[in-house]
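*Asks:* Handing you a structure now.
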Amino acid sequence: MGYTIAEKIIKKHIVSGEMRRGAKIALKIDQTLTQDATGTMAYLQFEALGVDRVKTEKSVAYIDHNTLQSGFMNADDHKYIGSVAKKHGIYFSRPGNGICHQVHLERFGKPGKTLIGSDSHTPTGGGIGMLACGAGGFDVACAMAGKPYYITMPQMVRVNLNGSLKPWVSAKDIILKVLQIMTVKGGVGKIIEYGGEGVSSLSVPERATITNMGAELGATTSIFPSDEVTHEFLRAQGREEDWVSLLADNDAVYDEVINVDLDSLVPMVACPHSPDNVKSVDEVGSLKVDQVCIGSCTNSSLTDMMKVAHILRGKKVHPDVSLSIAPGSKQVLTMLARNGMLADMIDAGARILESACGPCIGMGQSPNSKGVSLRTFNRNFLGRSGTKDAQIYLISPEVAAYSALNGVLSNPTELENMPNFKMPEFFMVNDNMIEPPASVEEASEVEVFRGPNIKPFPVADKLPDSIEAEVVLKVDDNITTDHIMPAGSKILPYRSNIPYLSKFCFEVVDPTFAERAKKVENGVIVGGINYGQGSSREHAALVPLYLGIKVVLTKSFARIHEANLINTGILPLTFVNEDDYSKIDQNDKLEILNLREAIRNNEPIVLVNKTKGIEIGVKYNLEDRDRDIILAGGLLNYLKSTF
């Protein structure tokens, strides 16, 4: 029996466990990345581990999420990240150099290597043939310290791309179609592997668009082959020596096979407020548009920008539309400036933003009240744009540019013949905004800067023998990390200040949550299906811990968030019978007896709803190491006991 692409990389990197579906495995990690919204906490945790220098082949710290520099807090955190990177052997990508996933694809990603990043869209690296996973900051800190990364061995899903795309239909339409088929929870516990004849027609940036939004499927990661297209991309980046061929064996076995007919694919759109609420552009019709935003780690490559510039050339943005464009990296922005396409955008009336995440995570460009905003981004969760009643639609750059001209959602296949947008033979390479770390000899002289906004992160106590707690909040299905701990301009500057951040926990769902949680000695959150989907930000676990949450009980968890809860020391439980969700209400008093003994011995536990006088069966998904972490009160306590 042959191997899939992902299995070949796993087989080469596995350090413990069996490569068997559902088994816990540990992987050696070659590369890590962080960004500034999660990086400060990750590096504080790395420092707490007491390791002098990173043990990976390459670790990179990016500044891309909050580049506004409003107030001292953000600038201080950036200075902290830069200094800790210099001291501990980490490359530092300065503000303005670009979005972490775009730059990593251009300058650092290598086929066949493992990568974890403290950002849920790290699977972008799968577009170049990496096994790239989003993870919590503490898992990334541990990988930098030379520790393996633990995951459950996923199922393998093959998505066959058959045929070829019609003009003005794009890679974004492919992943939106896959989301329509699989839904936001359809990829949980799975690796999505792309194959078929259509793969060879997709450039590396187009492949990366697809693997990037695999995060919205809930997948462990997504991956493409490393083939001659990959080889050409790396050669054009001056990195030909990084290329290796990596293909699935002909007799590889997949748990599921999905076929997507590219010949019949049409422009698609994800409607509010979920990336899987997908329809065709024609089905939605001529929706009046207030705003169009082009960019993000999903759609900000040079190819994307070339298509946008072509559509806008010689035209004028509709007077009722605000159009903003953010090229994904300094490399992309420089090449647009040199070839004249940046001028085409500006002349049409586009507002050019910095090469950063920007509007995608609520940093500026919030729509007007009840406004319709078309975005080439990856998420359209309620309130993520900064305007709670805005209607956010996810679309391709082609749909975005054409709609910006017309003032209504428009189908770009109406346009005349599409030019052949070829990748350049050579990209312009200038890494002068990537600072190398100090040498081992010089590192001792580097002083780490710590601003007054950096506060200690909370650490849990060891798991008690029993828990008496109150249900502080009950929520529905598909609660995202944006619901739990929002991003945005008023919050991101305080990412290293957990006490301040706690004021905004669950603000979108229940503005009273934080104050009520503080008044309860031990709190429980009850949720539905796919609780914690979305971002990898561990603030969505650290802040509830600070507010006294001891247990989160749901129908099911998103992968990264469940891992973050375990690492933090919050016990994640699920219902044995999902119907029992209806038997618990907010403010109910709950009790779990003999908890520590049950967890230690991997025995069933029973939750008593003292308010209603009933027993409810609950279960936990904890392997041996996870149980030890929970018993110790989180990963930091566990590691301190094993170092």
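*Asks:* Taking the Cα-to-Cβ direction at Val448 and at Asp251 and moving 7 Å from each Cα, how far apart do the two end points lie in nm?
*Replies:* Computed distance between label sites Val448 and Asp251 equals 5.2 nm.
*Asks:* Please give the direction-averaged projected area of the C-alpha convex hull for the stretch 579-643, in square nanometres with one decimal.
*Replies:* 5.3 nm²
*Asks:* Straight-line reach from Lys589: which aspartates and glutamates fall under 20 Å, measuring Cα to Cα and dropping same-chain residues less than 8 apart?
*Replies:* The reachable aspartates and glutamates, counting only those whose Cα sits under 20 Å from Lys589, are Asp465, Glu468, Glu470, Asp476, Asp510, Glu515, Glu521, Glu578, Asp579, Asp580, Glu615.
*Asks:* Can you compute log10 of I(q)/I(0) for the stretch 79-153 with the Debye formula, treating each Cα as one identical point scatterer, at q = 0.11, 0.15, 0.16 Å⁻¹?
*Replies:* After summing over all Cα pairs, the log10 values are -0.29, -0.54, -0.62.
*Asks:* Next question. Just going by the charge dipole of the stretch 467-642, with Lys and Arg at +1 and Asp and Glu at -1 on Cβ, which of Thr611, Asn577, Gly523 is farthest out on the positive end?
*Replies:* My answer, from the dipole projection, is Gly523.
*Asks:* Starting from the Cα of Glu416, step 7 Å along the direction of its Cβ; do the same at Asp510; then give the gap between the two resulting points in nm.
*Replies:* 5.9 nm
*Asks:* Another one. Translational diffusion coefficient, Stokes-Einstein: compute it for the stretch 268-413 using the Kirkwood radius over C-alpha pairs as Rh, at 4 °C and 1.567 mPa s, and state it as an integer in µm² s⁻¹.
*Replies:* Once the numbers are plugged in, D ends up at 88 µm²/s.
*Asks:* Still on this structure: Could you sort 451-457, 493-499 so that the peptide with the highest average Cβ count within 10 Å comes first and the rest follow in order?
*Replies:* 493-499, 451-457
*Asks:* Still on this structure: Relative to the present Cα-Cα distance, how much length would full extension add between Thr611 and Glu197 at 0.36 nm per residue of separation?
*Replies:* 143.1 nm
*Asks:* Using alpha carbons only, what's the Rg to Rh ratio of the stretch 455-513 with Rh from Kirkwood?
*Replies:* In the stretch 455-513, Rg relative to Rh is 1.02.
*Asks:* Additional query: Given the pairs Lys177/Lys316; Lys316/Lys422; Lys113/Lys330; Lys177/Lys555; Lys55/Lys640; Lys190/Lys555, which are separated by over 22 angstrom at their Cα positions?
*Replies:* Beyond 22 Å: Lys177/Lys316; Lys316/Lys422; Lys113/Lys330; Lys177/Lys555.
*Asks:* Additional query: Indicate the helices, whole DSSP H runs only, in the chain that combine a mean Kyte-Doolittle hydropathy of 0.0 or more with a Cα extent along their long axis of 18 angstrom or more.
*Replies:* 36-48
*Asks:* Quote the charge dipole size of the chain about the Cα centre in Debye, to the nearest 20; the model charges only the Cβ of Lys and Arg (+1) and of Asp and Glu (-1).
*Replies:* 860 debye
*Asks:* Given the Cα-Cα distance of Lys619 and Asp579 and 0.36 nm per residue of separation, how much length would full extension add, in nm?
*Replies:* Stretched out fully, the Lys619 to Asp579 stretch lengthens by 13.0 nm.
*Asks:* Residue separation times 0.36 nm, minus the C-alpha to C-alpha distance between Glu232 and Asn162: what's the value?
*Replies:* Separation in residues times 0.36 nm, less the Cα-Cα distance, equals 23.0 nm.
*Asks:* Right, another one. Please work out the FRET efficiency for the pair Ser466 and Lys640, using the Cβ-Cβ distance as r and a Förster radius of 22 Å; give the result to the nearest 0.05.
*Replies:* The pair Ser466/Lys640 has a calculated efficiency of 0.30.
*Asks:* Over the stretch 467-642, what lengths in whole Å, largest first, do the semi-axes of the equivalent ellipsoid take, defined as the square roots of 5 times the eigenvalues of the alpha-carbon gyration tensor?
*Replies:* 24, 20, 15
*Asks:* Report, please, the projected area of the chain averaged over directions, based on the convex hull of its C-alpha atoms, in nm².
*Replies:* Quarter of the Cα hull surface area: 26.5 nm².
*Asks:* Go ahead and run the numbers for FRET between Lys315 and Glu240, Cβ-Cβ distance against an R0 of 45 Å, rounding to 0.05.
*Replies:* Result of the calculation: an efficiency of 0.70.
*Asks:* Using a 10 Å cut-off on Cβ atoms, rank the peptides 150-161, 562-573 from the highest mean neighbour count down.
*Replies:* So the order, starting with the most tightly packed, is 562-573, 150-161.
*Asks:* For the ranges 474-483, 377-386, what's the packing order if you count other beta-carbon atoms within 10 Å of each residue, average per peptide, and put the highest first?
*Replies:* Result, highest mean first: 377-386, 474-483.
*Asks:* Which entries of Lys86/Lys455; Lys279/Lys490; Lys388/Lys612 show an alpha-carbon separation above 27 angstrom in the structure shown?
*Replies:* Result: Lys279/Lys490; Lys388/Lys612 exceed 27 Å.
*Asks:* With Rg and the Kirkwood Rh both taken from Cα atoms, where does Rg over Rh land for the stretch 1-77?
*Replies:* 1.13
*Asks:* Which FRET efficiency, nearest 0.05, do Lys370 and Gln69 yield, Cβ-Cβ r, R0 30 Å?
*Replies:* Step by step, r from the Cβ atoms, then E = 0.45.
*Asks:* Compute the distance in nm between two label points, each set 7 Å from the Cα along the Cα-to-Cβ direction, one at Asp477 and one at Asn430.
*Replies:* Label at Asp477, label at Asn430, 5.1 nm between them.
*Asks:* Charges only on Cβ, +1 for Lys and Arg, -1 for Asp and Glu: so what's the dipole of the stretch 305-373 about the Cα centre, in debye to the nearest 20?
*Replies:* Using only the charged Cβ atoms, the result is roughly 120 debye.
*Asks:* Treating only the Cβ of Lys, Arg, Asp and Glu as charged (+1, +1, -1, -1), what charge dipole size does the stretch 467-642 show about its Cα centre? Round to the nearest 20 debye.
*Replies:* Here the size comes out at about 560 debye.
*Asks:* Neighbour counts of other C-beta atoms within 10 Å: give me Ser466, Ser403 arranged from fewest to most.
*Replies:* Ser466, Ser403
Bear in mind these aren't lab numbers, they're just calculated from the coordinates by the rules spelled out. The shown structure was predicted, so the numbers you read here are calculated from the model rather than taken from an experiment. Backbone-built Cβ (ideal geometry, glycine too); neighbour counts: all protein chains shown.
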